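The values are calculated or read from the model by the stated rules, or taken from the named source; none is laboratory data. Quick caveat, the model's predicted, so the values are computed rather than measured. Cβ coordinates were reconstructed from backbone atoms using ideal geometry, including for glycine residues, and neighbour counts include every protein chain displayed. The protein model used for the area step is the full one, side chains on, heavy atoms only, and it has no ligands, DNA or RNA in it. Shrake-Rupley method; radii C 1.70, N 1.55, O 1.52, S 1.80 Å.
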Amino acid sequence: MILLVDDDEMVRLLATEALVAAGFEVTEAADGEAALELFERSEFSLVLLDVSLGGIDGFEVCRRMRAHPHGHTLPIVMLTGMDDTDSIDRAYSLGATDFVTKPLNWTLLVYRVRYALRVVATVAELEVSERRLAVAQRVARVGGWIWHVDEDRCDRSPICLELWGEVPAVLHSVPFGLLSRVLSPDRQHLREAMERARAGEPYQMGFRVQRSDGSVATLYEQARPERDEFGRVVRIEGVTQDVTEREQTERRIRFLAYHDSLTGLANRQMFREILDHTLARSQRAGVRCALLYLDLDRLKRINDSFGHTLGDQILREVAMRLTRSVRSADLVAREDDGAAEEVVARLGGDEFTVLLTDLARPDDAARVAERICAELAQPLPVAHVELVVTASVGIAIFPDNGEDPETLLRHADMAMYAAKQRGRNTYEFFTEAMQLQAVERLSLEQDLARAMENDQFALHYQPQFDAASGRIVSAEALLRWNHPQRGAVSPVQFVPVAEETGLIVPLGEWVVLTACRQMAAWLKEGLPVVPVAVNLSAHNFRSESLLAAIAHALESTGLPARYLHVELTESAVMQEPENAMSTLKALKSIGLKLSIDDFGTGYSSLSTLKQFPIDLLKIDRSFVRDLPGDASSASIVEAILALANALGLGVVAEGVETAEQRDFLLSRRCRLMQGYLYSRPLPADGFAELIGRARLQT
């Protein structure tokens with residue numbers, strides 16, 4: 001916006017008309033007082049100021065505007081009918097940017113305004129560039145110097161001297177005077193480079209210096225000799241840069257590239273390089289080495305219960321204990337900087353490896369594994385609690401169990417899984433039988449991937465009874481796999497494989513759709529259908545397709561939502577409470593009933609549990625199995641019943657197999673039961689027959 005100040009109304013009118021036509025916004029003032037008042041209230045990009053004003057004249061207005069914080073760089077163009085040199089000099093001395101005499105040429109005035117604005121913009125850009133350059137020089141910490149060879153004198157800039165630290169004044173101009181600050185062996189290399197530069201050879205090199213305060217810095221220097229017309233080197237121009245931070249950053253990047261950022265141990269990349277080197281050396285020397293593959297037992301449960309921050313603390317403590325457990329004699333010497341080679345590594349998550357070299361016999365690896373298991377099994381004091389984290393260790397021996405890194409790692413991994421299956425907190429050596437088991441598992445994965453396409457899955461239904469009345473009130477849909485060669489495959493075998501391969505999500509959605517289709521068919525046949533609960537895995541619960549799959553199953557079959565119940569495990573809903581709450585609310589909005597399955601086996605937060613929109617708790621069969629004789633089980637069941645009653649939730653007891661268990665539960669007001677005492681899981685036609693008989697009995 002332009003401020004036009006003139007006491008001639010006609011001048012203001014014509015000037016405003018010309019400027020507005022050129023695309024400018026104009027604010028007018030008829031005298032100096034009004035102009036200064038407007039200037040205080042608004043910001044302007046340019047001022048057109050008449051010299052001859054009533055009251056305060058234009059010169060005084062110009063001076064006051066220049067004194068204002070917003071007026072230092074503001075273009076002020078003076079308008080006057082006076083053309084004497086004194087007036088022009090006075091205007092410029094008071095800060096005028098330009099001077100235009102009257103009568104005004106309106107076209108020329110527009111061009112003068114545009115030029116003044118362009119000049120201001122250019123100056124502003126130049127100032128920004130200069131500031132950026134100054135900042136860049138300070139940040140880059142670059143200093144220049146000139147070595148006058150004939151005079152044997154060196155002129156160094158202040159920043160150049162600063163890079164070397166506090167330097168005595170007598171050495172400022174001595175070409176070789178700063179060499180005493182250079183650390184060996186860099187000192188001799190720099191001296192030789194300077195001598196060659198004096199002979200006409202340019203150089204560029206980095207070197208370390210020790211400053212007067214004792215700190216060590218890395219400087220990088222470039223020098224270029226200049227010759228006179230006779231070919232003699234007369235001076236050498238150079239720049240010196242402090243690259244200490246850059247070198248530290250590069251060193252840090254190299255460290256992060258080869259080390260685990262959480263524990264400081266070697267990472268997968270570094271361990272593979274060490275393993276390659278060690279196997280090659282062991283093969284040349286004809287000696288054995290061992291690879292220990294460790295996986296922490298149940299760390300995921302601790303993460304789910306206490307959070308990943310505490311889990312990270314545990315991983316750091318485990319790394320320190322592992323390092324302490326490995327004998328110093330097990331270390332492999334590195335040849336780069338003399339440091340001990342990393343032999344303990346974190347491959348990722350809760351997986352670690354240890355490399356043992358020059359083994360006299362395989363039993364030496366077993367002793368190290370025992371020491372590791374014993375060390376890790378000691379309680380970990382973290383976050384005001386003591387936790388016990390054990391490890392399962394797999395051992396593979398070179399060259400007995402593999403002659404290349406890939407084979408050795410794979411076999412050690414197999415042995416680790418065998419240790420987990422044997423009860424955890426132990427170690428296992430690799431055997432050929434494990435290889436056969438791995439092949440069998442791969443075969444199971446392939447068969448599982450084809451099972452859904454080949455219609456090998458079926459649902460069985462186990463009824464849930466009201467023990468007081470004997471009525472069937474609901475049922476649970478249980479997945480069964482009938483393989484043409486394997487026969488009936490237990491869910492204990494194939495569900496973990498489905499979870500690891502990701503097939504559990506489409507499999508869970510198939511269960512929901514099949515259960516809905518079956519109930520819809522029963523309704524069409526006129527059977528007294530009871531609600532059926534489907535058990536969803538944690539993978540299904542976290543799947544983005546869950547809600548759409550359930551909605552599709554209900555809509556495509558026309559089944560009312562009240563007939564479909566959803567069962568979830570404690571760990572599934574407690575792992576990410578906020579996301580779980582959102583999903584549970586969405587399921588409830590569809591009209592589904594929600595149950596927590598296997599309640600009591602996980603780590604539920606009661607404050608979180610009471611906020612979840614669930615309807616039912618299912619007491620895990622492990623607590624029912626020893627009723628009524630086991631006091632601990634009885635106490636746990638009574639506590640769960642009391643909790644459910646306080647929260648207004650229903651309860652179903654799973655695994656009821658004896659009349660004594662039934663009577664105990666009934667005496668504690670637990671009426672809903674499920675188990676072999678009442679019925680085994682039945683195929684669809686068998687369950688239809690069961691509920692059909694129940695209708696006839698009523």
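Out of all the residues in the stretch 480-496, is one or more open to solvent by 20 Å² or more (accessible area, probe 1.4 Å), assigned to a loop (DSSP other than H, G, I, E, B), under 19 Å from Leu448 (Cβ atoms) and not polar (S, T, N, Q)?
Checking the stretch 480-496: at least one residue is open to solvent by 20 Å² or more (accessible area, probe 1.4 Å), assigned to a loop (DSSP other than H, G, I, E, B), under 19 Å from Leu448 (Cβ atoms) and not polar (S, T, N, Q).
Taking only the stretch 172-184 into account, find how many residues are more than 17 Å from Gly238 (Cβ to Cβ) and free of Cβ contacts under 8 Å to residues at least 24 places away in the same chain. Please lay out each step first, then the result.
Our first condition is that a residue be more than 17 Å from Gly238 (Cβ to Cβ); within the stretch 172-184, this holds for 180, 183-184.
The next check asks that each one be free of Cβ contacts under 8 Å to residues at least 24 places away in the same chain; those that pass are 180, 184.
Residues meeting the conditions: 2.
Mind listing just one residue for me: the one in the stretch 300-322 that is in a helix (DSSP H, G or I) and among the small types (Gly, Ala, Ser) and, of those, nearest to Asn267 (Cα to Cα)?
First pass over the stretch 300-322, keeping only residues in a helix (DSSP H, G or I): 300-306, 308-322.
From what's left, among the small types (Gly, Ala, Ser): 305, 311, 319.
Values: Ser305: 27, Gly311: 18, Ala319: 12 Å.
For the stretch 300-322, the residue satisfying everything is Ala319.
It is to be established whether one or more residues within the stretch 567-584 are closer than 22 Å to Ala653 by Cβ, open to solvent by 30 Å² or more (accessible area, probe 1.4 Å) and in contact with a Leu (Cβ under 7 Å, 6 or more places away or on another chain). Explain how you work it out, then say what you get.
Filtering the stretch 567-584 down to residues closer than 22 Å to Ala653 by Cβ leaves 567-574.
With open to solvent by 30 Å² or more (accessible area, probe 1.4 Å) added as a condition, the list becomes 569, 571.
Narrowing further to those that are in contact with a Leu (Cβ under 7 Å, 6 or more places away or on another chain): none.
Within the stretch 567-584 (the criterion being closer than 22 Å to Ala653 by Cβ, open to solvent by 30 Å² or more (accessible area, probe 1.4 Å) and in contact with a Leu (Cβ under 7 Å, 6 or more places away or on another chain)), the answer is no, since none of the residues qualifies.
Does Gly143 qualify as being open to solvent by less than 50 Å² (accessible area, probe 1.4 Å), within 29 Å of Arg41 (Cα to Cα) and not aliphatic (A, V, I, L, M)?
Working: open to solvent by less than 50 Å² (accessible area, probe 1.4 Å): yes; within 29 Å of Arg41 (Cα to Cα): no; not aliphatic (A, V, I, L, M): yes.
Here the answer is no, as Gly143 does not meet what is asked.
For the stretch 44-54, how many residues meet the condition of being open to solvent by 10 Å² or more (accessible area, probe 1.4 Å), out of contact with any helix residue (DSSP H, G or I) (no Cβ under 6 Å at 6 or more places or on another chain) and without any contact (Cβ under 8 Å) to a residue 60 or more places away in the chain?
Number satisfying all stated conditions: 3.
Being under 14 Å from Asp304 (Cβ atoms) and part of a helix (DSSP H, G or I) is the filter here; which residues of the stretch 543-577 pass it?
Once the filter is applied, which keeps residues that are under 14 Å from Asp304 (Cβ atoms) and part of a helix (DSSP H, G or I), the stretch 543-577 yields Glu570, Ser571, Ala572, Val573, Met574, Pro577.
Which one of these is of a type in the set (S, T, N, Q) and touching a Gly at 6+ places or on another chain (Cβ under 8 Å): Ser45, Ser52? If you could, list the steps in order and put the result at the bottom.
On the way: Ser45 fails: touching a Gly at 6+ places or on another chain (Cβ under 8 Å).
The unique qualifying residue is Ser52.
Is there a residue being farther than 28 Å from Arg301 by Cα and basic (Lys, Arg) anywhere in the stretch 408-417?
Just the residues of the stretch 408-417 that are farther than 28 Å from Arg301 by Cα, to begin with: 408.
From the residues that got through so far, the ones that are basic (Lys, Arg) too are none.
Within the stretch 408-417, none of the residues are farther than 28 Å from Arg301 by Cα and basic (Lys, Arg).
Cβ-Cβ under 8 Å, sequence separation 6+ or interchain: first residue in the stretch 370-398 and in contact (Cβ under 8 Å) with a residue 60 or more places away in the chain and over 16 Å from Gly423 (Cβ atoms), partner assigned to a strand (DSSP E or B) and of a type in the set (Asp, Glu). Which pairs?
Hits for this filter: Leu380/Glu386; Ile395/Glu428.
Taking His411 as the residue in question, decide whether it is surrounded by 19 or more Cβ atoms within 10 Å (Cβ to Cβ) and in contact with a strand residue (DSSP E or B) (Cβ under 7 Å, 6 or more places away or on another chain).
Values: surrounded by 19 or more Cβ atoms within 10 Å (Cβ to Cβ): yes; in contact with a strand residue (DSSP E or B) (Cβ under 7 Å, 6 or more places away or on another chain): yes.
Against the criterion (surrounded by 19 or more Cβ atoms within 10 Å (Cβ to Cβ) and in contact with a strand residue (DSSP E or B) (Cβ under 7 Å, 6 or more places away or on another chain)), His411 qualifies.
Go through the stretch 186-245 and give me each residue that's among the small types (Gly, Ala, Ser), under 17 Å from Ile159 (Cα atoms) and open to solvent by less than 20 Å² (accessible area, probe 1.4 Å).
To start, the set of residues in the stretch 186-245 that are among the small types (Gly, Ala, Ser) comprises 193, 197, 199-200, 206, 212, 214-215, 217, 223, 231, 238.
Within this subset, residues satisfying the condition of being under 17 Å from Ile159 (Cα atoms) are 212, 217, 223, 238.
Matches in the stretch 186-245: Ala217, Ala223, Gly238.
Evaluate the following for Leu163: is it among the hydrophobic types (A, V, I, L, M, F, W, C) and more than 42 Å from the chain's Cα centre (by Cα)? Reasoning before the result, please.
Values: among the hydrophobic types (A, V, I, L, M, F, W, C): yes; more than 42 Å from the chain's Cα centre (by Cα): no.
Spelling it out, it is not the case that Leu163 is among the hydrophobic types (A, V, I, L, M, F, W, C) and more than 42 Å from the chain's Cα centre (by Cα).
Could you tell me which numbered condition Ser474 fails, if it satisfies all but one of (1) open to solvent by less than 30 Å² (accessible area, probe 1.4 Å); (2) among the hydroxyl-bearing types (Ser, Thr, Tyr); (3) in a loop (DSSP other than H, G, I, E, B)?
(3)
Being in contact (Cβ under 8 Å) with a residue 12 or more places away in the chain and farther than 17 Å from Leu219 by Cα is the filter; apply it to the stretch 147-171 and report the residue that is surrounded by the fewest Cβ atoms within 10 Å (Cβ to Cβ).
Looking at the filtered set, the residue picked out is Asp150.
Of Val511, Val473, which residue is under 37 Å from the mean Cα position of the chain (by Cα) and modelled with pLDDT under 95? Let's see the steps before the verdict.
On the way: Val473 fails: under 37 Å from the mean Cα position of the chain (by Cα).
Unique residue meeting the criteria: Val511.
Quick one: what pairs do we get from the stretch 463-492, first residue farther than 23 Å from Asp597 by Cα and among the small types (Gly, Ala, Ser), second open to solvent by 20 Å² or more (accessible area, probe 1.4 Å) and in a loop (DSSP other than H, G, I, E, B), C-beta under 9 Å, 6+ apart or different chains?
As it stands, the answer is Ser469/Arg671, since those pairs meet every condition given.
Can you tell me which residue among Ser180, Ser129 is closer than 30 Å to Ala22 by Cβ and either at pLDDT 85 or above or not aliphatic (A, V, I, L, M) (or both)? Spell out how you get there, then give the answer.
Details: Ser180 fails: closer than 30 Å to Ala22 by Cβ.
Just one listed residue meets the conditions, Ser129.
From the residues in the stretch 438-448 that are touching a residue at least 40 places away in the same chain (Cβ under 8 Å) and open to solvent by less than 50 Å² (accessible area, probe 1.4 Å), which one is nearest to His411 (Cα to Cα)?
First, the residues of the stretch 438-448 that are touching a residue at least 40 places away in the same chain (Cβ under 8 Å): 441, 444-445, 448.
Narrowing the set further to residues that are open to solvent by less than 50 Å² (accessible area, probe 1.4 Å) leaves 444, 448.
Numbers: Leu444: 19, Leu448: 24 Å.
My answer is Leu444.
Can you list residue pairs whose Cβ atoms sit under 7 Å apart, with the first residue in the stretch 55-83 being farther than 14 Å from Asp6 by Cβ and the second being open to solvent by 70 Å² or more (accessible area, probe 1.4 Å) and among the acidic types (Asp, Glu)? Count only pairs 6 or more apart in sequence or on different chains.
His70/Glu43
Name every residue in the stretch 547-583 that is under 28 Å from the mean Cα position of the chain (by Cα) and either among the β-branched types (Val, Ile, Thr) or at pLDDT 90 or above (or both), in order of residue number.
Within the stretch 547-583, Leu547, Thr569, Val573, Thr583 meet the criteria.
Can you pull out every residue in the stretch 1-43 that is over 20 Å from Ala91 (Cα atoms) and among the aromatic types (Phe, Trp, Tyr)?
If the condition is that a residue be over 20 Å from Ala91 (Cα atoms) and among the aromatic types (Phe, Trp, Tyr), then Phe24 is the only one that fits.
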